[in-house]
Amino acid sequence: MEEELLIRDFGSGYDDYKERRDLLKEIEELKKIKLFLEEEDIRLLRDIDILSGELEGIEIALSSANNHILSYEKRKKECGKNIEVLKNRKEDMIKEIDELHLRIRELRAEEIATTTLNKNLRNELGSINSEKSRVIKRLDIVKTGIKSIDRDQIERLPNLEGCDSVLKQVYNVLRETQDRMEISALMKKGM
């Protein structure tokens, strides 16, 4: 209907009609394009809103990721420091363990030496006890001799000088025995 109005307004003629009809088609096409573009514009605005929301979400996620990365880097540095501290502590502990092993070896050597010394001292004690038994027997003999000398001295006063000489000899024997025992004991202690 609009076509007919346009045809009447522009006059008659087939060419004018055709031209007007083409213009009308173009106008209709342009209206459709305009409608399509308006719909597309609305759709694109919705997409822009959606994408803007997504961008905001992405920015938030990026911010969170950056914070996480910074936190991770901080923890990584702290872990590096802790690793260095632990390495130093490990080296100190290894030194302590080595010193303890050395001390254990020394103590074992001392234990062996002590055991050997103890064994030697027990043997020496046995020898000293044997020597003591012999000395006690000698002392008993000497006591018997002294008693005999005392009796003889009482009976034989004139022979005092002879008894005195025997007593001196007994005293010297006892003194030598005592000196030998002391020297023996000192030598065994030195071992």
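The values are calculated or read from the model by the stated rules, or taken from the named source; none is laboratory data. Model, not experiment: these values are computed from the prediction. Ideal geometry is used to build each Cβ from the backbone, glycine not excepted, and the neighbour counts take in all protein chains shown.
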From S165, S71, residue being part of a helix (DSSP H, G or I), exposed (fewer than 12 other Cβ atoms within 10 Å of the Cβ), under 60 Å from the mean Cα position of the chain (by Cα) and polar (S, T, N, Q)
S71
Could you run through the stretch 17-53 and say how many residues are surrounded by 11 or more Cβ atoms within 10 Å (Cβ to Cβ) and within 60 Å of the chain's Cα centre (by Cα)?
2
What pairs come up if the first residue lies in the stretch 108-133 and is loosely packed, with under 10 Cβ neighbours inside 10 Å, the second is at pLDDT 90 or above and part of a helix (DSSP H, G or I), and their beta carbons are under 8 Å apart, counting only those six or more places apart or on different chains?
none
Considering only the stretch 92-103, I want to know if a residue exists there that is more than 16 Å from the chain's Cα centre (by Cα), among the charged types (D, E, K, R) and more than 25 Å from A185 (Cα to Cα).
yes
Pull out all pairs, ordered by first then second residue, where Cβ-Cβ is under 6 Å, the residues are six or more apart or on different chains, the first lies in the stretch 168-191 and is part of a helix (DSSP H, G or I), and the second is surrounded by 12 or more Cβ atoms within 10 Å (Cβ to Cβ).
V170/V142; T177/V135; K188/E124
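From E54, E39, grab the single residue that is assigned to a helix (DSSP H, G or I) and at pLDDT 90 or above.
E39
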